[in-house]
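**Q** Dropping a structure here in C-alpha cells format, bear with me for questions.
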Amino acid sequence: MYSSTIKKISLAAILLGASLQHIDAQTKTKDDSYFEISKNLDIYYALFKEVNEYYVDPIQPGKMVKKSIDEMLNDLDPYTNYITEDDIEDYRFQTTGKYGGIGCAMRDMGEYIAIDELFENGPAAKAGLKAGDLLIEVDGKSIKNKDDDDIRKLVKGSPGTSIKFKIRNPLTGVETEKTVTREEIAVNNISHSALIGTGKDIAYVRLNQFTERAAANIKNALDSLKKANPAIKGIVIDLRYNPGGLLDEAVDICNLFIGKDQLVVSTKGKVDEWDKNYKTKQNSWDEKLPITVLVNKGSASASEIVSGTLQDLDRAVVIGQRSYGKGLVQSTRNLPFNGKLKVTTAHYFTPSGRCIQALDYTHRNEDGSVGEVPDSIKKAFTTKNGRKVYDGGGIDPDIKTTPLESSKLASTLYNKNLVFEYATEYVSKHVSIAPADQFQLSDADMDLFFAWLDKKEYTYKTKTEEALERMKTVAEKEKYFEDIKAEYEALAKTLSHDKKQDLIKNKAEIKKMLQTEIISRYYFQKGRSINDMQDDAEVKEAISVLYDAARYNKILGK
C-alpha cells in the first residue's frame, strides 16, 4: 500500500496526465519538441514514483521537486524563478513594498540573530526593541543556531497578530520579554528627498526601488520641494543601488519629465503578445528643468529604463558608473496550489533602439558560466540630439566617476559585526546626538573605538597579500617556486600589515562606516541618507552640472 506521500504523487500524476493529454494534442499541430516534453515528463514521474517507493529512508517530495525545478530553471537566467505558496509573501514585498511583519531588519551574530535596523514608527520600534538586541526565543521556542531565513518566516505574519520575543541585552545580559503586534509594513520607496545646493534650489530625490506608487511618490516629493522653493533650478534623481521593479512605474516616472505619447520603452519576446510599446500617457510634471540621474553598478532593470530613456531623449545627464545591464522583462504565470512562475518573456529596448542586457545567458560556457556581450558586437545608436550610445552593457554615464572601493580592513570590521557591536555600546552611553546633517565623530571618539578594537580578534589579508598568495600557488604548480622562494618570503614580510597602521591609514573610511551605523540608531534610514550626502562626491558633481548651464547643454549636445 502506498503511503500518504504516494497519494500526493498520485494526485500530481492525475494533473500531470491531464497536462500530457493536452501536450499530446498539441504535438499533432505544433513542433516536435512537444514529444520530447511529453517523453521526459513521463520519465520524471516514473523515476520519482520509484524513488519514493523503494528508497531506504522517507523522502521529502516537496523539497525534492522544488530543488529539481530550481536546478532546471538555473539553465535559463537568474530571473526565471518558481515561487512556492510559502514564498508568496516575499514576492509580494518585491512588487508592492508591503508585507505583514514587525518592521525591522535582522543580523546574524553567530548563535543568535540580532535586531538590526529598525523602521521608524514600526511595530518593533513601538514595542521597545532596540538595534543590537539579541533574539533568544520566539513564541517560547529557542532560536539558538536557527537558520536566519527560518526565523524571518516565523516573524512575518498577518497584520493584527502578535508575536512574543525573549530578548537579551548584549551589554548587560539581562533578558526581557516583548510582545509585538504585526502590522502591514509599507517600506517607503523614497528614502530621502531634500533641497540641496548652495542656494537650497536643487531638488534631490532618492528612489530605492520601483514598487507600487513609486512615480506618485516622486511627484509628491517634488511637489513638496517646489512648494518650499518655487525657484528650484534642477533635479537630482538618485537611482544608485536601485535593483528595479515594476515596468509601469518606470514609464510613469519618465512621464514626469517628458510629454504625452512619447515612447519610453519597447519589449520584444518570442510570443507576439510581448511585443509592446510603452508610451507616456499624461502631461509631464516639468519638461524644462535640468535633470541629473545618478547610477552605479547596482542600478538595474527599471533604473536602467529611466536613466537610459532620459539619456536617449537628451532629457538628463547621467552621472556615476556603468549600470548593471539587465535588459530582460519578467511576467508571472499562475501555477497549481497557489504557486507562481516568474519567467523572462522579453527583452526591453530604450527609445533609441538599444537593449542594454549585459550578460548572454543563451550561450553558456562549458562550466555553466555566462559571459558579457563582447565589445566587438555592440552596436551604436543615437540619442535625440545625435549623441552616440551603445547597447549590450548597461547604461554608460555621460559623466563617469570612480567608485570608492572598500578596504579589506573596513570590510572585515563590518563583516565581523565589530562596527555594529560598538555602535550598540556608543548608543548605551549617549542619550542623544547632533542632528543627522551635523553629526560627526571626533578624533577622540575614533581613539576610543580603536582602543576597543585592541581587545577584539579580527584577522584579514590585504588584497596585495591575497594576490601574492595566488602567485605562489601558480608558481608551485609550475614548479618555479623554489627558485623564487627567498624573494617571495622577503616580499611577504615587507607586505605583512600592522593593524594599528592600517587603522590610521583607513581612518576616514572606518569613521564614515561607524558614523552612519550610529546615526541609523537615532534617525533611522532617513538619517543615514542625510548624513551620507554630506561628502557624497557624485551628488556634488550633479549639483555642479546643474549650476553650469553651458556645461549641461554641451553634454546633451544642445
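**Q** Hey, can you tell me all the residues within segment 143-171 that are surrounded by 14 or more Cβ atoms within 10 Å (Cβ to Cβ) and among the polar types (S, T, N, Q)?
**A** Asn169
**Q** Taking the stated definitions as given, is Ile43 of a type in the set (Val, Ile, Thr), surrounded by fewer than 16 Cβ atoms within 10 Å (Cβ to Cβ), modelled with pLDDT of 90 or more and outside any loop (DSSP other than H, G, I, E, B)? Full working, then the answer.
**A** Details: of a type in the set (Val, Ile, Thr): yes; surrounded by fewer than 16 Cβ atoms within 10 Å (Cβ to Cβ): yes; modelled with pLDDT of 90 or more: yes; outside any loop (DSSP other than H, G, I, E, B): yes.
When the stated conditions are applied, Ile43 passes them.
**Q** Kindly indicate which of Gly157, Gly128 is under 22 Å from Leu171 (Cβ atoms) and either part of a loop (DSSP other than H, G, I, E, B) or modelled with pLDDT of 95 or more (or both).
**A** On the way: Gly157 fails: under 22 Å from Leu171 (Cβ atoms).
After ruling out the rest, the residue left standing is Gly128.
**Q** Look through segment 72-95, keep the residues that are of a type outside the set (A, V, I, L, M, F, W, C) and assigned to a loop (DSSP other than H, G, I, E, B), and return whichever of them is nearest to Pro61 (Cα to Cα).
**A** Quick first cut of segment 72-95, residues of a type outside the set (A, V, I, L, M, F, W, C) only: 74-75, 77-82, 84-87, 89-92, 94-95.
With assigned to a loop (DSSP other than H, G, I, E, B) added as a condition, the list becomes 74-75, 77-80, 84.
Numbers: Asn74: 20, Asp75: 22, Asp77: 25, Pro78: 24, Tyr79: 24, Thr80: 22, Thr84: 14 Å.
Result: Thr84.
**Q** For segment 469-547, please list each of the helices (runs of 4 or more DSSP H) lying entirely inside it that holds at least 2 residues being modelled with pLDDT of 95 or more and either within 30 Å of Leu289 (Cα to Cα) or in contact with a Lys or Arg (Cβ under 9 Å, 6 or more places away or on another chain) (or both).
**A** Because the criterion is at least 2 residues that are modelled with pLDDT of 95 or more and either within 30 Å of Leu289 (Cα to Cα) or in contact with a Lys or Arg (Cβ under 9 Å, 6 or more places away or on another chain) (or both), the helices (runs of 4 or more DSSP H) in segment 469-547 that meet it are 507-532, 537-547.
**Q** Answer yes or no as to whether Gly122 is at pLDDT 90 or above, farther than 26 Å from Phe337 by Cα, surrounded by 12 or more Cβ atoms within 10 Å (Cβ to Cβ) and touching a Phe, Trp or Tyr at 6+ places or on another chain (Cβ under 7 Å).
**A** On the way: at pLDDT 90 or above: yes; farther than 26 Å from Phe337 by Cα: yes; surrounded by 12 or more Cβ atoms within 10 Å (Cβ to Cβ): yes; touching a Phe, Trp or Tyr at 6+ places or on another chain (Cβ under 7 Å): no.
For Gly122, the condition - at pLDDT 90 or above, farther than 26 Å from Phe337 by Cα, surrounded by 12 or more Cβ atoms within 10 Å (Cβ to Cβ) and touching a Phe, Trp or Tyr at 6+ places or on another chain (Cβ under 7 Å) - is not met.
**Q** Continuing with this model, one more query. Name the single residue, out of those in segment 436-458 being assigned to a loop (DSSP other than H, G, I, E, B) and without any contact (Cβ under 8 Å) to a residue 12 or more places away in the chain, that is nearest to Met513 (Cα to Cα). Outline the logic, then answer.
**A** Quick first cut of segment 436-458, residues assigned to a loop (DSSP other than H, G, I, E, B) only: 436-442, 454-458.
Next, from what is left, pick out any that are without any contact (Cβ under 8 Å) to a residue 12 or more places away in the chain: 438, 442, 454-455, 457.
Values: Gln438: 16, Ser442: 14, Asp454: 18, Lys455: 20, Glu457: 19 Å.
Within segment 436-458, the match that is nearest to Met513 (Cα to Cα) is Ser442.
**Q** Pick out the one residue from Asp483, Asp502 that is in the same structural domain as Leu418 (by TED's automatic domain parsing) and either surrounded by 10 or more Cβ atoms within 10 Å (Cβ to Cβ) or of a type outside the set (Lys, Arg) (or both).
**A** Numbers: Asp483 fails: in the same structural domain as Leu418 (by TED's automatic domain parsing).
The unique qualifying residue is Asp502.
**Q** Here's another thing I want to ask about it. If you take the residues of segment 259-294 that are in a loop (DSSP other than H, G, I, E, B), free of Cβ contacts under 8 Å to residues at least 40 places away in the same chain and polar (S, T, N, Q), which of them is surrounded by the most Cβ atoms within 10 Å (Cβ to Cβ)?
**A** Top of the filtered list is Thr280.
**Q** Follow-up question, since we're still on this one. With respect to Ser191, determine if the residue is in a strand (DSSP E or B) and modelled with pLDDT under 95.
**A** In short, yes.
The values are calculated or read from the model by the stated rules, or taken from the named source; none is laboratory data. The structure displayed is predicted, hence computed values, not measured ones. Glycine gets a Cβ as well: all are built from the backbone with ideal geometry, and neighbour counts include every protein chain shown.
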